[in-house]
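Asks: First, the structure itself, so that you have it in front of you.
The values are calculated or read from the model by the stated rules, or taken from the named source; none is laboratory data. Note that the structure is predicted; figures quoted are calculated from it, not measured. So basically every Cβ, Gly included, is an ideal-geometry build from the backbone, and we count neighbours across all protein chains shown. Accessible surface areas use protein heavy atoms only, side chains included; no ligands, DNA or RNA. Shrake-Rupley method; radii C 1.70, N 1.55, O 1.52, S 1.80 Å.
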Amino acid sequence: MSITDCKVINLPKISDPRGNLTFIEGQSHVPFEIKRVYYLYDVPGGAERGGHAHKALHQLIIAMSGSFDVVLDDGTEKKRVHLNRSYCGLYVCPMMWRELDNFSSGSVCMVLASNAYDEDDYFREYSSFLSAMKPS
Ligand code: TYD
């Protein structure tokens, strides 16, 4: 898997004058089974989140409210994705360093994940991530 696999997925949107509705089904709208949902909120101005990679976890990141940027880095190439629609999710494959920044005030970042929380699945040090990506 590579940075080109990390794409924005357009989710189903049922437009309605009473308010729009979006739904997500694991393995149908996202390329993995959803085992966990978590969200970031009350993010202070200027804060940065992320700053790690996962060994095996697949994720879909959605700006449920407001906007923020996700910077993806596979150790060779980087790309910055701006998320600001609650019907669009950024798929992030395993072995991808990610940083989240540029949060707008009141933004909410929801993450769907393919597995339960496991600290052993993290690369917390960029140097360890790079060594795993480019073994000498
Ligand atoms: P972390 O994944 O480092 O957050 P971020 O990438 O947004 O900076 O998690 C922050 C803390 O929350 C860390 O102590 C682990 C804990 N945590 C859980 O207990 N369960 C979870 O599902 C997540 C995502 C984090």
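Asks: With the checklist (1) more than 10 Å from the ligand (Cβ to nearest atom); (2) under 19 Å from residue 24 (Cβ atoms); (3) open to solvent by 20 Å² or more (accessible area, probe 1.4 Å) in hand, flag the one item residue 46 doesn't pass.
Replies: Only one criterion is unmet by residue 46, namely (2).
Asks: Taking residue 82 as the residue in question, decide whether it is under 13 Å from the mean Cα position of the chain (by Cα), within 11 Å of the ligand (Cβ to nearest atom), part of a strand (DSSP E or B) and modelled with pLDDT of 95 or more.
Replies: No, not satisfied.
Asks: Here's another thing I want to ask about it. Of everything in segment 116-130 that's assigned to a helix (DSSP H, G or I) and not hydrophobic (A, V, I, L, M, F, W, C), which residue is nearest to residue 98 (Cα to Cα)?
Replies: It comes out as 126.
Asks: Continuing with the same structure: For segment 115-125, name all the residues that are more than 15 Å from the chain's Cα centre (by Cα) and open to solvent by 80 Å² or more (accessible area, probe 1.4 Å).
Replies: Within segment 115-125, 120, 124, 125 qualify.
Asks: Could I ask something else about it? What residue, of 72, 57, 90, 112, is part of a loop (DSSP other than H, G, I, E, B), surrounded by 14 or more Cβ atoms within 10 Å (Cβ to Cβ) and either more than 16 Å from the ligand (Cβ to nearest atom) or under 12 Å from the mean Cα position of the chain (by Cα) (or both)?
Replies: 57
Asks: Check 96, 64 and return the single one that is within 16 Å of the ligand (Cβ to nearest atom) and touching a helix residue (DSSP H, G or I) at 6+ places or on another chain (Cβ under 8 Å). So that I can check it myself, show each step before the final result.
Replies: Values: 64 fails: touching a helix residue (DSSP H, G or I) at 6+ places or on another chain (Cβ under 8 Å).
After applying the criteria, what remains is 96.
Asks: Next question. For segment 1-30, which residues satisfy the criterion of being open to solvent by 80 Å² or more (accessible area, probe 1.4 Å), in a loop (DSSP other than H, G, I, E, B) and over 24 Å from residue 106 (Cβ atoms)?
Replies: 1, 7, 17, 25, 27, listed by residue number.
Asks: Also, I was wondering about something else. Across segment 99-109, what is the number of residues that are in a loop (DSSP other than H, G, I, E, B), open to solvent by 10 Å² or more (accessible area, probe 1.4 Å) and either more than 15 Å from the ligand (Cβ to nearest atom) or closer than 22 Å to residue 11 by Cα (or both)?
Replies: Within segment 99-109, residues that are in a loop (DSSP other than H, G, I, E, B), open to solvent by 10 Å² or more (accessible area, probe 1.4 Å) and either more than 15 Å from the ligand (Cβ to nearest atom) or closer than 22 Å to residue 11 by Cα (or both) number 4.
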